[in-house]
Structures are given as structure tokens and as C-alpha cells.
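Below: one structure, written as C-alpha cells.
The values are calculated or read from the model by the stated rules, or taken from the named source; none is laboratory data. Quick caveat: nothing in here was measured; it's all calculated off a predicted structure. Cβ coordinates were reconstructed from backbone atoms using ideal geometry, including for glycine residues, and neighbour counts include every protein chain displayed. The protein model used for the area step is the full one, side chains on, heavy atoms only, and it has no ligands, DNA or RNA in it. Shrake-Rupley method; radii C 1.70, N 1.55, O 1.52, S 1.80 Å.
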Amino acid sequence: MTAVESTARAGARLRAPATLAYLIYVEVVKVVRIPMFAIFTILFPTLLFAMFGLPSVNDTEKGIIAGRYMMSSFGAYAVMGVALFSFGVAIASERGMGWNKLLRATPMNPLSYFIAKIAMAVLVGLATVTLLYLFAGLVAHVQMGLSTWVGLVGLLMAGMVPFVALGLWLGYLGGPQSAAVLANLINLPLSFASGLFIPVQMLPDVVQKIAPYLPSYHVAQLGWTFLGAGDGKGMGYHLVWLAGYTVVFLALAVVWYRRDEGKTFG
Amino acid sequence: MSQRFGRRPTVELHDVTKDFGKVRALDGVSLVVEPGETVAVLGPNGAGKTTAISIMLGLRAPTSGRALLYGQNPRDPASRRHAGVMLQDSGIPPSLKVREAVEMFRRLYERPMSVEAALGAAGLGEKANVKVDSLSGGQRQRLYFALAIVGNPHVLFLDEPTVGLDVESRRGFWDRIEEMVEEGKTLVLTTHYLEEADELADRIVVIDHGKIIAEGSPAAIKATVGGKTVRFRSSGVREAYLRDLPGVRRASVSGDSVEMYTMEPEADLYRMFRDGIEVSELEVVGVGLEEAFVALTSNRKEVAA
């Protein structure tokens, strides 16, 4: 390696964080500029909370004020939607249009693409949850201390991890249309069955039996446990469940990713 | 530094085979492209051209054999740091602005040119702040070109780069490519427009059914086929008669204008004159790349059938 080249290589390394920052910027801009996408993922959780949660924020749920209880439920719904739609469906759509293929022909490490996308999902997730919490605090007067806010948001971000892995699998499972359909088929029924819209104990018996096996249930339980309204199993228990789901979804995603690389004529 | 790359072939395919399920898309292809060379890969649809380029770029792994890009495994992203590409069936997210897409690609390379320079060279300077979804087909093709060159690559891989362009844009596009070739860039391209390959390429590689069936300079390719194209005007001559002439491989008559492709023009014309056929505006020309290509690939089909 000559001096000129090693200098250039060092330059490239130094530029890497700036490059990653730009990749993240591009990812965020892509999501925010599609109004339907933005409304669906960013505004919808707040909208649903306003319609279904607002009338009963001052009730009591599991021994705490219902409004606070709902911050974990609707928050879990929010991060799930971001991971499935802004992340998963977006991957399927970019794969379908041949953007991924073009990127794979550049010197970009494929990992950068996923890191940028995950960073975008975290940022959009934070924006979505923040909007929900601002609305809850300012309009619905749900009282929470700053440390509770921060703790809850942190737990929701952790709870987003398995859904990012699920989104990744969705992204490589099929085409753009089928990914969107699948995401919808997963998002709403899972939210409902996990007691995110109506508390679990008010759901039909069958659903109550299924709920403890669903990843979304464990995300919400993280928050409920933190707020003192959990099922008593402790946070570690729910984290183990979520870690298990992450491993399974990630393994499926890797299998489909590999399959995708070998597929299609060219 | 350029010497370092000068010693390495830009592209090496060593006995590369690629299967898609039961279909063999490439069958024992060996090909070396040296720096500064201009190589056109030609072949009918489905011959394996795009598969060959995909393997050169590491988009796909060969089923057997070995591919190298500047002496490195092309599956390693770092091997592509001197390569710019235009691919078929690729897309750019519609909500991105032109400038953003080019800036993003610029940041993936070590010694890129400025966004303005790339857009200028692509003739897209005025569209920098426009979203991709409002570009016309031709403008989109220019954007792909800007993405291919913004990294200041040593080699350009162009897979059917002028598909969807009108004649004028095509001309302009090839002018720009010619400039880059004159600067010393290596070029690997596939195209349907054989006259363009004829003008631009030092070397032509003809692929059919996944195999290289001919390789050489455009002149050499034409010479392997031999024969001449004979055109003239004559009333009352029938195609069947022409096809029976000993040297004729193909003949077509429309109205009074006749075109035939023959291996023995002198003998065939002598016979026609002897048979009393009157001819005007006679023209005998060397075979074009188009004819050579058709002859090469159709021969093979006959062998296969």
C-alpha cells in the first residue's frame, strides 16, 4: 500500500461517521416525505389514544391511573408500527424497486444500510412516542415525572428490538405489497390480543390465554411492570421473552435474506 | 498508485459457471479485462450478459469458478471502491431529491468528484433540487449515470445504459462515455445497439447460451463471419430464387429493393447476370456487426437444435 493510498484509506475511515450520518438523514427524509407513511406510523398511535383512551384516562387500571397504564399500551403499539412499517415495509419496497441492488454494487458495506435504517427506526420511534406523550400530558393531563417518562421511553425502545427483527424478515419475505398486507395483519390483531387497546382482563377467555405468548404483550408488560401494574413476573422475565423472539425473527430474516440473494434471474 | 492497479487486471472471470435452479445461465466463462480497455459484451436476450456483469460486481456468487475485481473477491464491498455502475431494473426512492441521491453515493467513495461536477457531466444540473419521482425516463437514466461517475471510478460497468433513451440523448450519452474512455477509464458494457458497440469497443465478447462464442476486435468479429451484404434494385426477382443462389444465407425483397447476405458475392452476381436479371444501384458492402452477430448467434442455435 502506497502512502497516497493509505492516506486516502485513513480519510475514508475518518469520513465514515459523516457518511453514516448522511445515510441516516436519507432514511429519515424518505419516511417523512411520504405523507401516508408519516401519518400512519407517527400520528396514528396518538389518534387512537385520543379516540379510545382519552375518555377513560382518569379510571383506575391494575391499581394505577388508567392514563399512565395506557402510556405503555399505546406506546407499545407505536413502536411496533414504526418497526413493521417504516422499517420492514420500506425494505421490501426498496428491494422491489431495485434500490438495494444498486447499493449492493457500490463499495458500501451492507451493514451500513441496516444500521442507518435501524437508527431511522429509533428516531421515528422516539418521535412517535414523544408525540403521544406530549398529547397525553398536555391534552389529557396524564401526570408523569420526567424520570418515569424517560424510563418508559427507554423500555419501549428495548421492546422495539424484536419488531425490528420481525420487520427485517417481512422486508425479505415478499414483495412490497405483500409486506404491507402482512404488516397490517400482524400489527392490529397482535395489538388487540395483547391488551394494548382494551386491557387484557377484559378480553375474551381464548385471547387472554394466547396473550402471554405474544411479543407485543411482553413489550407492554415491560412498561406496566415499570409503572407498578405488571403481571408480577418481573421485568427480566419479559426481557427474556423478547430476546427469544428477537433471535427467532433474526434467524428467519437471515435465511430469507440469503435466499433473496440467490434468487431471480439477471 | 495507478501503476499498482495498472498491473492488476480490472476484471477476471476464470471458468465461471452460474446456475439458477436447473437453468445454467453461465457455462465456463473466462474473461479478462485489462485497465483502459473498452469491452462490449453482446448476446441475445437471456444469453447471460447481465449475469456475467452481476458476478463481476459481486452481486451474485458464481456456482463454480472464480471472479476477481482488481484482484479481490468482488463479494467484498471494498473491491468495488474503483467501480461505478449502471444496472438494469434498478430504482431510486422516489421521495429523494436528485442532489441527495448523488450526495449519498458520493460519500461511499474515497476520492469522489463534487455533486455539481457529476450532475453537470450527466446534464442534470438544473434538476438538482427536484425529487426523483418527477424526473422523466431519460432524466432518470442521466441520474443513474451521475450515480455511476460521482465516485470518480477507474472502471464503469454499464448494463444496457441507453435503454429508454431517444436517439438524441443516446448520442449525447455516448459522447460523454467516449470522453471518459479517452481519460483512460476502463469500460465494460452491454448494449442492444450494435453500432454503438462497434464504434466504442476495443473488444467485443459475444455470449450465447451462457458461453463465449466469439471474442475479438469489432473488425475481427466481422471477419470471422465473412460474407458481404449486397443491395440493389430489380423488378421481378423472387426471394426463393435468391435463396437458391449458392452463397446466399439470407435474402429479402421489398418492392423492387433487394438485400441479401452472401458468402460468395461474385459468383452469385455472375449467376444472376447470366440468368438475365437486370440490376440497378448495386452496392456490395462488408458485413456489419449486426450481421456478424446474427450469423454467430443463429449458427449456434442451429447447432443446439
With a 1.4 Å probe and all protein chains left in place, how much of the accessible area of the protein assembly as shown comes from carbon and sulfur atoms, in whole percent? 59
Using Cα positions and a limit of under 28 Å, work out the lysines in reach of A:Lys62, with same-chain residues fewer than 8 apart set aside. A:Lys209, A:Lys233
Solvent-accessible area per residue for the protein assembly as shown at a 1.4 Å probe radius, Å²? 44
Between A:Leu131 and A:Asn184, what is the label-to-label distance in nm when each label sits 7 Å out along the Cα-to-Cβ direction? 1.9
Per the Kirkwood formula over distinct C-alpha pairs, the hydrodynamic radius of segment B:66-161 in angstrom is 13.6
Expressed in nanometres to one decimal, the distance between label points 7 Å along Cα→Cβ at B:Arg176 and A:Ser56 is 6.2
If I fit a long axis through the Cα atoms of helix A:110-138 and take the longest principal axis of the Cα atoms of chain A, what angle between them do I get, 0 to 90°, rounded to 10? 30
Measuring from label point to label point, each 7 Å out along Cα→Cβ, what is the B:Glu199 to A:Ala21 span in nm? 4.5
Could you bin all the Cα-Cα distances of the protein assembly as shown into 10 Å bins starting at 0 and give me the percent of pairs in each, rounded to whole numbers? 3, 15, 20, 19, 15, 12, 8, 4, 3, 1, 0, 0
If R₀ is 60 angstrom, what is the calculated FRET efficiency for the pair A:Val240 and B:Arg249, using the beta carbon separation as r and rounding to 0.05? 0.20
Would you mind working out the magnitude of the charge dipole of segment B:227-286 relative to its Cα centre, with +1 at each Lys and Arg C-beta and -1 at each Asp and Glu C-beta, to the nearest 20 Debye? 160
Taking Cα atoms only, Rg over Rh for segment B:3-222 with Rh from the Kirkwood formula is 0.96
Can you give me the P(r) profile for segment B:227-286? Cα pairs, bins 10 angstrom wide beginning at 0, each as a whole percent. 26, 67, 7
Sort largest first and round to whole Å: the equivalent ellipsoid semi-axes of segment A:118-266, each the square root of five times a Cα gyration tensor eigenvalue. 30, 19, 15
Calculated FRET efficiency, B:Glu283 and B:Glu116, Cβ-Cβ r, R0 41 Å, to nearest 0.05? 0.25
Folded to 0 to 90 degrees: helix A:176-193 orientation relative to chain A principal axis, Cα: 20
Rounded to 0.05, the calculated FRET efficiency for the beta carbons of B:Ser298 and B:Ser134 at R₀ = 60 Å is 0.85
Rounded to the nearest 20 debye, what is the charge dipole size of the protein assembly as shown about its Cα centre when +1 sits on each Lys and Arg Cβ and -1 on each Asp and Glu Cβ? 2020
Residues losing 40 Å² or more accessible surface upon assembly, segment A:69-104, compared with the chain by itself, 1.4 Å: A:Met97, A:Trp99, A:Lys101, A:Leu102, A:Arg104
P(r) of chain A over all Cα-Cα pairs, binned every 5 Å from zero, in whole percent: 1, 6, 12, 17, 17, 15, 11, 8, 6, 3, 2, 1, 1, 0, 0
Mind grabbing the interface size between A and B? I mean buried accessible area, both sides, 1.4 Å probe, in Å² to the nearest hundred. 3600
Residue order for B:Asp275, B:Asp198 - accessible surface, 1.4 angstrom probe, largest first: B:Asp275, B:Asp198
How much space per residue, in cubic angstrom, does the convex hull of the C-alpha atoms of segment B:55-105 take up? 95
Proximal lysines to A:Lys117, defined as alpha-carbon separation beneath 21 angstrom and excluding residues fewer than eight positions away on the same chain: A:Lys30, A:Lys101, B:Lys97, B:Lys131
Output the 0 to 90 degree angle, nearest 10, between the alpha-carbon long axis of helix B:167-182 and the longest principal axis computed from the alpha carbons of chain B. 70
